[in-house]
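Participant: What follows is a single structure, and I will ask about it in a moment.
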Amino acid sequence: MPADDASDAVPDVDALVDVVRRRVEERRAAGDYPDGLEARLDAHFERVAARRPEPYDAGRLRARLGAVDESLAFDAARITAESGVPGGAALHRAVAKAVSRQTSGVLEQVSEFARAVREALYELAKAVEHPFGHRHPDLLGAVDEALDRLAGMERSLAAGETVDRSSEAARFAARQRAGRPGRDEWLRQLAARFTGGPVADLASNDGALLSVLRASGVDAFGVEPEGALAEATRAAAPGAEVHVADPVVWLRGTAAGSLGGISALAYVATLDAGSLGHLLRGAARALRPGGVLVLEAPNPASLDALLVDVPLDPLATRAVHPAYLSALAAAAGFAGVELMWSVTSAATAAAVPAGALPEPLLDALVAPREYALVAIR
Amino acid sequence: MTVRHLLVAAAPGDATTASAFETRDAAAAVTGERGEVYARFIDPALADDVLPLEALTSTAPLADDVLVFHASIGDPVVYDVVAARTDRLVVVYHNVSPASAFARWDPTFAPLLAEGRAQIAALASRCTVAITPSEFNAHDLRSWNFRDVRVVPLVIDVARRLGAAGGDPPEGSPASAAGDPLLLFVGQLQPHKRPELLVEMAHILATYSLPDAHLVLAGAHRLPAFVSTVKAFAHDLRAPVTFTGAVDDAEIGRLYRRADVFVTASDHEGFCAPVLEAMAFGVPVVARACGAIREVAGDAAVLIPAGEGPVVFAEAVATVARDHAVRAELVERGRRRAVAFAPDVLRRRLADAMAEVLA
């Protein structure tokens, strides 16, 4: 519980609202609260409410059924005999009289059909209106039960945020990345971004980055959910501390402002949108001011990354666009967000004759396979 | 004399149902006969305690019999039964949620609420005594020309209902939610409870004052269109809010134990039992001064005038959370208030009232 305003005097609780009002005015004057904050929030709630689908107004259906009722009075007398031709009206009346029996017969059949249609429409209307009008507790209970189940699932997700990460799958993914030309240099570039420790290397996997970090003199340790991989990390980075824990959950339990840096290789591609948000917010909380966050990921602008790296990584669910990751980092409170790119595929570029491919396709072929978000807390 | 008790719907944990049982026990102490409770809709968990409406309609009352009707919602079938009976009628009025708050979210349900008020008002001429837990409710009854209106607060037995749970919350429990401070609201998420104002308050509090603040909204979701809108709103704001849905009494007890501040922004409350529950658990209360909340909370809560917005609400919560002296004073006042509303005290008041009514 924060306690920065504690005082020993017995407070005048009855006057508290006045005190609070004055404090709000002072903070508004100091610019702590933006002008129009409450009005903007209210307006946003109205916008959210306006987006929801409007329930169907059963009155419209009843109005149309009323129109059916009004037109049901079939009668030969309603058939006009008027005519613009001299003597035409008399002719119409004479013909009508001559065929009156047939006309009545037709009208009776039409009336019978119309009554049957009307009854069917009313039955349909009842069936349609029923879900709106039926307010039996069982129905409410069923809705409530469904909502409760959803709430339970949401709670589980919020509490868990874990990635199903088998050690075999993670080893396989790491093997695909290891040994690529330029890979070691890329890891050294990432490690060079850290200015002070301790640095937590999340989902440290086979220890590829952690070993480079420590070799560069950075005070770094690993966080790896799989026990077998934690051992692999320790083997790659002898002497390094490695926590066996889900990185997102581990971050939530880390003291605020206790880290100098956070790194993760290819980890963001394994997270769903909600967990990605938790990761960035947790990182923002755990890093001290000036702390550095480095998140490496497959580059969605690279065909190699999209067609090879992501599909070959059993844990990856998607390539996260750097613009989206940057926006998430900014929203989580990071300043100085920038992007780094691994080397372009010079060999591929050289192998393609000039002008043989449209420029956008060539760009996708030679684009860096990885990028890294670098953000300062 | 046989005293029968009737309500529209009986369910465990429901305040009206609990009141019906308390009133039945108080009446039994007077007559020496345990009267039955009847309802049209009965939760299966209460099948042994509550008889169906048909069992009431099949009994012809004697001249000195009494029907105690607990009115909290409209229902034409039940009201027709009440209107047709000849036994002396006592109405226990628990208030009806305002239809205007629901019109936008459920145009079918809103008219039922309006009809419910009209149905209760129509009982005025038949009713000999009306009992209600607050002056706020009594005002409704008098405006409908009920003649003899008596205010007897609801019996809230916190220890019996919520006191059993102890120890650490189980995994996944909303009571284990991070939050410093943890703000708690208990009640159904309905439009007149104004949960969207609490979401705004939590957003403002976390953004401008206490970044680790977290709000738990604990209560059943009865109105999907409204709840999904409030959830979408909270999501858009990235407000630190957990929606628990319906939770059992043990979980409510754990939440009260974990909470740092109880908050409610409700526009309309006929009594608001959660305010007293929070006070009994030593949780300071910050509420909007609407409905019966001022009567129930007395001087033991920070009451935000209805015209103030979520910024003042958030600043008040921040003050209560941060200032130990303010917090301690509110907790102490709350405990005194909870003692004044202790179940044995209120049971005696209810028993006295029933003794007068049935004399």
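Participant: I want the antiparallel fraction of DSSP beta bridges within the protein assembly as shown, as a percent rounded to 5.
Facilitator: 15 percent
Participant: Using Cα pairs under 8 angstrom and six or more residues apart, how large is the relative contact order of the stretch B:66-169, in percent?
Facilitator: Values: 145 pairs, mean separation 25.5, N = 104.
Relative contact order, the stretch B:66-169: 24 percent.
Participant: Next question. For the protein assembly as shown, what is the per residue volume of the convex hull drawn over the alpha-carbon atoms, in cubic angstrom? If you can, show how the numbers build up before the last one.
Facilitator: Values: hull volume 211.8 nm³, N = 736.
Looking at the protein assembly as shown, the number lands at 288 Å³ per residue.
Participant: Another question, if that's okay. What size of dipole, in debye to the nearest 20, comes out for the protein assembly as shown about its Cα centre when the only charges are +1 on Lys and Arg C-beta atoms and -1 on Asp and Glu C-beta atoms?
Facilitator: Taking the Cα centre of the protein assembly as shown as origin, the dipole is about 1000 debye.
Participant: Same structure, new question: Pick out, in residue order, every one of the GluC sites (Glu not before Pro) in the stretch B:10-46 that is DSSP loop and has at most 13 other C-beta atoms within 10 Å; say none if there are none.
Facilitator: Those satisfying the criteria are B:Glu33.
Participant: Which residue, B:Ser228, B:Cys290, B:Ala301, has the largest displacement toward the positive end of the dipole of the stretch B:216-314 when charges sit on each Cβ (Lys, Arg +1; Asp, Glu -1)?
Facilitator: Positive-most Cα among the choices belongs to B:Ser228.
Participant: So if I place +1 on the C-beta of Lys and Arg and -1 on the C-beta of Asp and Glu, and nothing else carries charge, what would the dipole magnitude of the stretch A:190-291 be about its Cα centre? I want it in debye, nearest 20.
Facilitator: Rounded to the nearest 20 debye, it is 440 debye.
Participant: Return the average number of partner chain Cβ atoms within 10 angstrom of each residue Cβ along peptide A:41-49.
Facilitator: Across A:41-49, the average partner-chain Cβ count within 10 Å equals 6.
Participant: While we're here: Need the C-alpha centroid separation for the stretch A:175-236 versus the stretch A:275-325, integer Å.
Facilitator: That distance is 16 Å.
Participant: With point charges of +1 on the Cβ of Lys and Arg and -1 on the Cβ of Asp and Glu, referenced to the Cα centre of the stretch A:287-377, which listed residue (A:Leu307, A:Pro322, A:Ala367) lies farthest in the positive direction of the dipole?
Facilitator: Of the options given, the answer is A:Pro322.
Participant: Which GluC sites (Glu not before Pro) from the stretch A:72-132 combine a DSSP loop assignment with at most 10 other Cβ atoms within 10 Å?
Facilitator: Taking the stretch A:72-132 and a limit of 10 other Cβ atoms within 10 Å, the loop GluC sites (Glu not before Pro) found are A:Glu82.
Participant: Taking every DSSP beta bridge with both residues inside the stretch A:253-377, roughly what % is antiparallel (nearest 5)?
Facilitator: So the antiparallel bridges in the stretch A:253-377 amount to around 65 percent.
Participant: If you put +1 on each Lys and Arg Cβ and -1 on each Asp and Glu Cβ, how big is the dipole of chain B around its Cα centre, in Debye rounded to 20?
Facilitator: Roughly 460 debye, rounded to the nearest 20.
Participant: If you take the charge dipole of the protein assembly as shown about its Cα centre, with +1 on Lys and Arg Cβ and -1 on Asp and Glu Cβ, which of B:Thr244, B:Val199, A:Val294 is farthest toward its positive end?
Facilitator: B:Val199
Participant: What helices does chain B have that are whole DSSP H segments, at least 15 Å long along their own axis by Cα, and with mean Kyte-Doolittle hydropathy of 0.5 or more?
Facilitator: The answer, listed by residue number, is B:109-121, B:195-208, B:224-237, B:310-322.
Just so you know, all these numbers are worked out from the coordinates, no wet-lab data involved. All figures in this text were calculated on a predicted structure; none of them were measured in a lab. Heads up, the Cβs are rebuilt from the backbone with ideal geometry, glycines too, and the neighbour counts pull from every protein chain shown.
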